[in-house]
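The values are calculated or read from the model by the stated rules, or taken from the named source; none is laboratory data. Being a predicted model, the structure only gives us computed values, none of them experimental. As a convention, Cβ positions derive from the backbone with ideal geometry for all residues, glycine included, and neighbour counts pool all protein chains shown.
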Amino acid sequence: MIEVRDLTKYHFGRPVLENVSFRVKEGTNLGLIGPGGAGKTLLLKIICGLVEPDSGNTFIKGQKVQGLALQELTQLRFDIGLLFQNYALFDYLNVTENIAFPLRQAGKHTNKEILKMVQESLNSVDLPHIGHQYPNELSGGMKKRVGFARAVIPKPPIVLYDDPTAGLDPVTSSKIFLFLKAMKEERGVTSITISHDIEGIRDICDSFVLLNKGKVVFYGSRDEIENTQLSLARQFWHGFSDDELG
Amino acid sequence: MSNQKQAADPRMQEENDQSSAGLVSAFFAAIGEPIVYVTRTVKELSALFLVTIKYVIAGKRRPDEVVAQMFEIGNRSVVFIAVTLGFLGMILIYQAGFQAMKITGDLTLLGALFLQLLMREFGPTITALMIATRVGTGMAAELGSMVVTDQVDAMKMCAAEPIEYLVVPRFIASTIMVIVLTIVAVLISYLAGALTAYTAFDVNFRTYFDLGFVSYFDIIIGLTKALAYGMTIPIIACHAGLNVFGGSEGVGRATTQSVVNASLAVVVIDFIISGLGYVVLALF
Amino acid sequence: MKLISAILSLVGTKFLSWSNEVGGMILLSWDILRNCVPPKLDGPETWRNLYRVGVKSFPIVVVTAMLTGAIMVIQSGMYIKEYGAYGLLGWGAGYSVLREVGPIMIGLMFSGRVGANNTAELGTMRVTDQVDALRALAIDPIAYLVMPRVLAMVVMLFLLVVIGDLTALIGGAYTGQVLLGVDAKLFAWSIVNYILLEDFTHGLIKAVAFGFAIALISCHFGMRTTGGAVGVGRAVNASVVASAIAIFVLDYFITYMDA
């Protein structure tokens with residue numbers, strides 16, 4: 001469903017991603033872990049064509065993302081939902097209009113249908129009464145959930161989550177992981193999840209990629225990472241710090 | 001954390017670059033760099049301008065958004081323009097009147113010549129400089145913070161093209177509003193000049209409000225300038241805003257870059273249109 | 001009734017916020033004055049700022065001045081041609097450039113290039129708590145940050161207007177020759193004959209006043225920045241707007257008093 005092949009990206013002459021390759025099968029969730037500054041967010045942006053890589057390609061449903069015309073890229077993006085690390089809510093629109101934005105752009109529904117769908121999605125993220133509020137009036141957890149609602153409302157078959165629980169309290173975090181789980185089990189979406197919360201993604205991800213300094217250090221299934229002897233992967237997985245990070 | 005580091009870095013880098021390079025290569029670098037920068041910027045700006053025009057003609061029409069932007073531009077700058085252009089009118093009448101008193105003692109043409117100069121030159125140009133300052137920086141800062149908070153990427157993910165969605169309404173609104181504000185500015189400046197002429201030099205209003213010198217040519221030149229400025233300023237400001245990188249540092253950088261580039265563009269366009277206008281006038 | 005009270009409250013809040021800013025600037029200028037006698041300013045910082053301010057704004061000032069001179073020649077050329085008074089071209093362009101247009105245009109450009117940059121820099125330092133860090137190290141931010149910038153801006157704008165006036169006249173002479181067919185020698189003769197030293201110094205007085213005003217305003221808005229990245233953008237905007245107003249208002253009063 002998603003394939004990344006030999007991706008390399010330089011930033012001011014320094015490589016930030018080097019020969020990154022992996023695949024995500026349909027209906028599975030890949031956990032992308034690694035220390036801060038390893039290039040995880042950049043990788044997600046390259047996958048959906050927001051950033052051009054210097055070499056290598058990404059494929060979505062077998063279609064090469066790089067070199068697509070703007071129209072085709074737009075078409076492709078209807079199939080991808082992206083939950084941004086810092087929510088990226090439009091701060092001049094209220095919550096309802098934020099969530100409605102992708103639907104209005106798609107232009108397939110009437111205003112009445114859109115408002116109904118927005119209300120349903122607000123109910124599903126447990127925030128039924130905040131439609132009239134603006135993003136700057138919301139707490140971090142609420143913004144994250146609104147961002148989540150906006151990313152998944154067009155029912156895309158692929159959803160990419162960039163650190164969905166960063167800076168949230170444990171209760172809200174577990175709620176968010178429940179949403180992620182429901183997305184996978186009920187809608188069968190394919191996804192990539194960046195997270196530092198190993199406990200949280202242990203159960204919802206099927207395979208894992210550990211990225212360090214722009215390189216794939218580990219790529220394998222849950223069983224494989226549980227039993228790996230690779231010290232960096234063990235540190236990350238079990239939270240040890242017996243050895244210096246990278 | 002990395003942001004703070006960058007905040008301290010640039011000055012050190014500037015100085016390091018200069019001392020490490022040899023004198024000759026530093027000299028050529030100093031000449032070449034601005035040329036490369038200007039060529040690249042002009043290229044990018046013309047590309048953005050063409051895409052914007054394409055969307056203006058063929059894109060979705062969103063009149064509500066355009067009206068909202070027009071209100072924003074007018075609301076932000078009308079008082080500012082009234083104050084600055086009012087003072088400009090007083091200053092110019094004062095200087096001109098003072099000089100005329102010394103040389104000829106004849107002030108009957110003061111108002112008529114002032115109006116002509118105001119329409120051809122100072123009205124559109126100073127208004128545009130003020131709008132570049134007030135509105136241009138606002139646009140650059142606004143779009144810049146949308147870029148650094150990923151809102152522009154989010155827009156792309158929702159299949160909304162940022163140029164069509166953000167630049168086009170600002171472009172249309174500014175094109176209209178600069179013309180409107182220029183007319184307002186000329187009126188205010190002319191009236192402020194009338195009061196100054198009356199209080200300082202006893203020029204009565206009947207003599208001052210003499211429209212004898214103004215021709216269609218002056219009006220056309222003034223409006224052409226206003227039109228050109230109104231199209232250039234939002235393109236430069238939006239370009240600066242959309243190309244922000246590097247957090248809050250970057251937003252500050254884009255804002256300053258937008259004032260400087262837009263003001264410089266206004267002066268350059270002024271020169272070009274004035275020159276062409278002169279040639280046209282000389283031919284006919 | 002509602003409308004009236006809304007207008008009144010709008011006027012009131014505007015007035016209060018303007019008074020607040022003006023008061024802040026007066027306090028800042030008092031601080032600056034107090035640091036002048038005996039002079040307390042950081043030596044290396046001053047040199048660094050003089051260099052940066054000058055180098056940063058030199059190219060843009062030269063380009064602006066040259067074009068301004070050319071534009072003024074074109075504008076006065078229209079009248080000159082009508083009356084055939086080619087000997088007055090140098091005077092017309094020179095008088096307006098030296099007394100008014102030169103200092104105003106260079107001042108506006110300077111405010112955009114240096115003033116805005118200064119506000120952004122101080123504002124970023126402020127929102128990332130670097131100013132408080134200076135205080136914690138027992139370094140006076142006025143003496144360390146503000147004084148060198150004020151001095152650098154006043155000195156540099158003065159010098160830039162001197163250079164700018166010269167380039168504007170050169171640009172004007174060239175345009176006169178190419179576009180109007182007025183010999184550069186005649187242009188120069190006209191300047192030497194009709195322009196008084198007083199016209200030149202009138203512009204320089206303005207340059208010093210503008211330099212101080214831009215420095216004061218940009219430091220004031222920079223040091224008072226709050227609210228992160230958005231706040232820095234807002235401070236820069238407020239700083240360039242206030243500088244432009246200050247330039248025109250000061251220009252009027254100097255013209256009025258010096259005439």
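For region B:227-234, indicate whether the set of residues that are touching a residue at least 60 places away in the same chain (Cβ under 8 Å), surrounded by 15 or more Cβ atoms within 10 Å (Cβ to Cβ) and closer than 30 Å to C:THR226 by Cα is non-empty. Yes - at least one qualifying residue is present in region B:227-234.
Of the residues making up region B:185-196, those that are in contact (Cβ under 8 Å) with a residue 40 or more places away in the chain and surrounded by fewer than 17 Cβ atoms within 10 Å (Cβ to Cβ) are B:LEU191, B:LEU195.
Tell me, yes or no, whether region A:123-135 has at least one residue that is within 25 Å of B:LYS60 (Cβ to Cβ) and either in contact with a Gly (Cβ under 7 Å, 6 or more places away or on another chain) or more than 14 Å from every other protein chain (Cβ to nearest Cβ) (or both). Yes, there is a match, as at least one residue in region A:123-135 is within 25 Å of B:LYS60 (Cβ to Cβ) and either in contact with a Gly (Cβ under 7 Å, 6 or more places away or on another chain) or more than 14 Å from every other protein chain (Cβ to nearest Cβ) (or both). I need the full set of residues from region C:88-111 which are under 11 Å from the mean Cα position of the chain (by Cα) and under 17 Å from C:GLY171 (Cβ atoms), in order please. Residues satisfying the conditions are C:GLY102, C:PRO103, C:ILE104, C:MET105, C:ILE106, C:MET109.
Within region B:88-119, the set of residues being in a loop (DSSP other than H, G, I, E, B) and within 11 Å of chain C (Cβ to nearest Cβ) comprises just one member, B:LEU109. When we screen C:VAL63, C:VAL114 for residues that are closer than 30 Å to B:VAL38 by Cβ, under 18 Å from the mean Cα position of the chain (by Cα) and surrounded by fewer than 22 Cβ atoms within 10 Å (Cβ to Cβ), the only hit is C:VAL63.
Considering only residues in region C:40-60 that are crowded, with 17+ Cβ neighbours inside 10 Å and of a type in the set (A, V, I, L, M, F, W, C), the one that is nearest to C:ILE217 (Cα to Cα) turns out to be C:VAL53.
Cβ-Cβ contacts under 6 Å between residues 6 or more apart (or on different chains), taken from a first residue in region C:119-138 that is over 17 Å from C:LEU216 (Cα atoms) to a second residue that is of a type in the set (Lys, Arg), are absent. Hey, among A:LYS116, A:LYS184, A:LYS144, which residue is assigned to a helix (DSSP H, G or I), in contact with a Phe, Trp or Tyr (Cβ under 8 Å, 6 or more places away or on another chain) and under 29 Å from A:LEU76 (Cβ atoms)? Exactly one residue qualifies, and that residue is A:LYS144.
Yes or no: C:VAL155 more than 11 Å from chain B (Cβ to nearest Cβ), closer than 25 Å to B:VAL251 by Cα and modelled with pLDDT of 85 or more? So C:VAL155 does not fit the description; no.
Take region C:205-215 and flag every residue that is surrounded by fewer than 24 Cβ atoms within 10 Å (Cβ to Cβ) and in contact (Cβ under 8 Å) with a residue 60 or more places away in the chain. Step through it out loud before you land on a result.
Quick first cut of region C:205-215, residues surrounded by fewer than 24 Cβ atoms within 10 Å (Cβ to Cβ) only: C:205, C:208-209, C:212.
Once the filter is applied, which keeps residues that are surrounded by fewer than 24 Cβ atoms within 10 Å (Cβ to Cβ) and in contact (Cβ under 8 Å) with a residue 60 or more places away in the chain, region C:205-215 yields only C:PHE212.
Of the residues examined, B:SER263 is one that is at pLDDT 90 or above, within 30 Å of C:MET125 (Cβ to Cβ) and either within 14 Å of chain C (Cβ to nearest Cβ) or touching a His at 6+ places or on another chain (Cβ under 6 Å) (or both).
Which of the residues that make up region C:171-184 are crowded, with 17+ Cβ neighbours inside 10 Å and part of a helix (DSSP H, G or I)? Write out each step before concluding.
The first filter runs over region C:171-184 and keeps only residues crowded, with 17+ Cβ neighbours inside 10 Å, leaving C:171-173, C:175-176, C:179-180, C:182.
C:GLY171, C:GLY172, C:ALA173, C:THR175, C:GLY176, C:LEU179, C:LEU180 - these are the residues of region C:171-184 that are crowded, with 17+ Cβ neighbours inside 10 Å and part of a helix (DSSP H, G or I).
None of A:GLY131, A:GLY167 is closer than 28 Å to A:TYR219 by Cβ, part of a loop (DSSP other than H, G, I, E, B) and not β-branched (Val, Ile, Thr) except A:GLY167. Sub-9 Å Cβ pairs linking a first residue in region C:217-232 that is within 13 Å of chain B (Cβ to nearest Cβ) to a second residue that is surrounded by 19 or more Cβ atoms within 10 Å (Cβ to Cβ) and assigned to a loop (DSSP other than H, G, I, E, B), at least 6 apart or interchain, are C:ALA229/B:THR149; C:GLY231/C:THR225; C:VAL232/C:THR225, ordered by first then second residue.
For region A:34-91, residues that are away from every other protein chain (no Cβ under 13 Å) and either assigned to a helix (DSSP H, G or I) or at positive phi (or both) total 8. Among the numbered conditions (1) at the interface with another protein chain (Cβ under 7 Å from one of its Cβ atoms); (2) farther than 16 Å from B:VAL267 by Cα, the only one that C:ILE80 does not meet is (1). Of all residues in region C:242-250, one or more are farther than 30 Å from C:GLN130 by Cβ, free of Cβ contacts under 8 Å to residues at least 12 places away in the same chain, over 11 Å from the mean Cα position of the chain (by Cα) and facing chain B (nearest Cβ under 7 Å).
For B:ASP64, the test of being more than 10 Å from chain C (Cβ to nearest Cβ) and within 25 Å of the chain's Cα centre (by Cα) is passed.
Take B:GLY275 and decide whether it is under 29 Å from B:THR108 (Cα atoms) and buried (at least 16 other Cβ atoms within 10 Å of the Cβ). Steps first, answer last, please.
Numbers: under 29 Å from B:THR108 (Cα atoms): yes; buried (at least 16 other Cβ atoms within 10 Å of the Cβ): yes.
Spelling it out, B:GLY275 is indeed under 29 Å from B:THR108 (Cα atoms) and buried (at least 16 other Cβ atoms within 10 Å of the Cβ).
Only one entry in B:THR207, B:THR175, B:THR199, B:THR149 is free of Cβ contacts under 8 Å to residues at least 40 places away in the same chain, more than 27 Å from A:ALA69 (Cα to Cα) and polar (S, T, N, Q), namely B:THR199. In region A:147-161, how many are charged (D, E, K, R) and modelled with pLDDT of 90 or more? Looking only at that region, the number is 1. Being surrounded by fewer than 21 Cβ atoms within 10 Å (Cβ to Cβ) and either at pLDDT 85 or above or among the polar types (S, T, N, Q) (or both) holds for only one residue in C:VAL37, C:VAL22, and it is C:VAL22.
Of all the residues in region B:120-165, those that are over 22 Å from the mean Cα position of the chain (by Cα), within 7 Å of another protein chain (Cβ to nearest Cβ) and among the hydrophobic types (A, V, I, L, M, F, W, C) number 6. If the condition is being over 14 Å from C:PHE158 (Cα atoms) and touching a residue at least 60 places away in the same chain (Cβ under 8 Å), then region C:54-64 contributes C:LYS56, C:THR64.
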